[in-house]
Structures are given as C-alpha cells and as structure tokens.
Amino acid sequence: MNEVYDKLMHCYESVRRQVDFVPKVALVLGSGLGDYAEGVRVEASLDYHNIEGFPVSTVPGHAGRFIFGYVGEVPVVCMQGRVHYYEGYAMSDVVLPVRLMRQMGAQVLFLTNAAGGVQQGMRAGDLMLLTGQIASFVPSPLIGPNCEKLGTRFPDMSEIYNRDLILIGRKCAAELGIDLKEGTYLQFTGPAYESPQEVAMARILGADAVGMSTACEAVAANHMGMRIVGISCISNLASGIAPQPLSHEEVQKSADAVAPKFKALVTQMIKEIGKTCR
Ligand code: HPA
C-alpha cells in the first residue's frame with residue numbers, strides 16, 4: 001500500500017469519528033489572517049492535536065485547528081494555522097491537511113498567505129490575487145510513489161489557479177472597491193527571509209510576491225483535481241525593497257491592518273464560489 005495515502009486515511013477516519021460536516025470550500029488562513037474564522041457561522045471545530053497522526057504547527061500566531069461552518073450558505077472548512085516545510089516536516093506532511101480537506105469533500109481550495117511584495121508599485125497592505133506560481137525552490141509534494149487514488153503520476157500544472165475563480169476574485173474586488181493586485185507567487189523554503197539578491201532573482205524570474213507556503217499546497221490540490229484560488233496579503237515589501245529589516249512581528253501587524261479588507265473580499269468570493277459548486 002501507499003504510506004502517504006494510509007496516513008491520510010488514518011487522519012480522515014480520526015476526523016470522521018469526531019465531525020461529520022461536509023465542506024464544499026476549504027479555506028487555508030495564512031499568518032495573521034486566522035481570525036477570519038470568527039466571522040464564520042461555526043458548526044464544529046477540531047484541534048489538530050486531536051487528529052491522530054496529524055502534523056501540528058509550532059509557529060506563534062498559527063493556532064492549530066479546523067473550523068467547520070458556513071459563510072453565507074456555503075459549507076466551509078477553515079484551517080486556522082498551517083504547517084510549513086521549514087518546521088522540519090516532510091513535504092507529504094505539509095500538504096496532508098489540504099489532502100484531508102479534499103477527502104472531507106471540499107471541491108475548491110482557497111489559499112491565503114502573508115507574503116513579501118517583490119515588484120515595483122506594491123505596497124504593504126495590498127492584496128494580490130494569485131494568477132500563477134513558482135514552486136521550483138521547494139521539493140514537490142508529489143515526489144515518491146504515486147497514489148493513483150489521489151491523482152495521476154504526471155499531473156498537468158498549466159492552470160493551477162482556476163480561471164473562473166480568478167474572474168470571481170476580480171468581480172468581487174470591483175464590487176467592494178478593493179484595488180486587487182494580481183501576480184505570481186514564489187515559494188522559498190524559509191525560515192529566513194530572503195536576501196536582497198534572492199529577491200532580485202525572484203523578480204527576474206517573474207515573481208510578484210514571495211513567501212514560505214502555498215505553492216506546494218496548490219501542487220498537491222491540483223494533483224487531486226481541486227479548483228484553486230489564492231490571495232496573498234502583502235504584509236511587507238521584500239528584502240532589499242523594504243527600507244527596514246523584516247520581522248515576524250511586522251508581518252503579523254500588517255496582516256492585522258488589512259484584515260477588514262481581506263475578510264470582506266474572502267467572504268464575498270466564497271459566496272460566489274459556492275454557486276459554482278455541485
Ligand atoms: N518573505 C517571505 N515570506 C514572507 C514575507 C517575505 O518578505 N513576508 C511574509 N511572509
């Protein structure tokens with residue numbers, strides 16, 4: 001059998017012994033964005049600690065639990081806190097939560113993160129809709145024996161971020177009067193922030209924002225055939241562009257500052273996305 005799949009199913013069975021909620025949309029809340037879940041009509045919650053075999057995050061500000069509930073009429077599962085590759089987990093563990101939410105029934109994966117802005121014209125506090133990504137600086141979560149039950153050996157990645165969901169993002173931002181940037185997200189391993197030279201490289205490669213999560217999760221979700229949408233909250237200008245050194249506190253503070261705009265956009269988008277689900 002496949003070890004990764006067995007572990008996933010073990011976690012899934014542990015969840016199902018405790019919660020029977022079936023989500024349509026899975027929402028991953030990035031650094032400083034976790035309190036979005038307070039606006040969800042909560043039906044149940046489940047601490048990661050209470051799921052057998054589940055990887056538990058160690059980062060401050062990443063409370064670890066699933067929240068099950070409704071945004072409007074749309075059943076969602078929110079991840080309040082994710083695990084990162086830099087914490088020392090195998091990539092297959094980093095993406096296990098996303099795979100688990102797919103098993104629970106989620107059709108759409110809504111990824112959010114805090115990221116550093118790389119392109120000129122970006123400002124701390126901007127929101128960026130992900131239109132593409134560069135995942136080549138982290139190991140693929142698909143390395144190892146392929147599990148056909150999850151997806152095919154050589155999955156296509158030509159449209160990781162779903163076109164229809166990008167259109168929904170644009171439409172909702174326009175309705176809310178939010179200036180929504182768009183661009184490519186590049187994932188580095190972290191945990192150190194980039195050097196100015198690495199940021200310069202990222203810009204040459206076509207990145208608009210850099211961070212330490214998301215792209216690997218999108219690869220795993222795309223492998224499983226989920227429709228994916230992503231928003232980066234530009235919490236700072238990346239190293240060499242920012243006038244001052246970076247700190248985790250600064251990243252969390254700016255994420256807090258954009259929270260109202262972020263919440264409004266995510267809520268509106270989920271309501272629209274719900275209409276596209278079966
Ligand atoms: N770099 C990498 N990850 C980040 C940053 C950054 O500048 N800001 C928030 N997450």
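Is it the case that the stretch 73-81 has a residue that's touching a strand residue (DSSP E or B) at 6+ places or on another chain (Cβ under 8 Å), at pLDDT 95 or above, surrounded by 19 or more Cβ atoms within 10 Å (Cβ to Cβ) and of a type in the set (S, T, N, Q)? Scanning the stretch 73-81 turns up no residue that is touching a strand residue (DSSP E or B) at 6+ places or on another chain (Cβ under 8 Å), at pLDDT 95 or above, surrounded by 19 or more Cβ atoms within 10 Å (Cβ to Cβ) and of a type in the set (S, T, N, Q). Of the strands (runs of 3 or more DSSP E) entirely within the stretch 164-278, those holding at least 2 residues that are away from the ligand (no atom under 14 Å from the Cβ) and either under 21 Å from Val94 (Cα atoms) or not aliphatic (A, V, I, L, M) (or both) occupy 180-187, 227-237.
Filter the stretch 243-278 down to the residues that are touching a residue at least 24 places away in the same chain (Cβ under 8 Å) and of a type in the set (Gly, Ala, Ser), then identify the one that is nearest to Pro23 (Cα to Cα). So the residue we want is Gly274.
Suppose we filter Pro139, Pro145 for residues that are farther than 23 Å from Val15 by Cα, in a loop (DSSP other than H, G, I, E, B), touching a helix residue (DSSP H, G or I) at 6+ places or on another chain (Cβ under 6 Å) and away from the ligand (no atom under 16 Å from the Cβ); which single one remains? Sole residue among the options that is farther than 23 Å from Val15 by Cα, in a loop (DSSP other than H, G, I, E, B), touching a helix residue (DSSP H, G or I) at 6+ places or on another chain (Cβ under 6 Å) and away from the ligand (no atom under 16 Å from the Cβ): Pro139.
Please enumerate the residues belonging to the stretch 25-39 that are on the phi < 0 side of the Ramachandran plot and surrounded by 20 or more Cβ atoms within 10 Å (Cβ to Cβ). Within the stretch 25-39, Val25, Ala26, Leu27, Val28, Leu29, Gly30, Ser31, Leu33, Gly34, Tyr36, Ala37 meet the criteria.
Restricted to the stretch 1-56, and to residues that are in contact with a Phe, Trp or Tyr (Cβ under 8 Å, 6 or more places away or on another chain) and within 16 Å of the ligand (Cβ to nearest atom), which residue is nearest to Leu165 (Cα to Cα)? The qualifying residue nearest to Leu165 (Cα to Cα) is Val28.
Out of Ala215, Ala221, Ala209, Ala238, one residue alone is over 30 Å from Gln103 (Cβ atoms), aliphatic (A, V, I, L, M) and surrounded by 24 or more Cβ atoms within 10 Å (Cβ to Cβ). It is Ala238.
The values are calculated or read from the model by the stated rules, or taken from the named source; none is laboratory data. Keep in mind it's a predicted model, so treat the numbers as computed, not measured. A quick note on method: Cβ atoms are made from the backbone with ideal geometry, for glycine too, and the neighbour counts reach across all protein chains shown.
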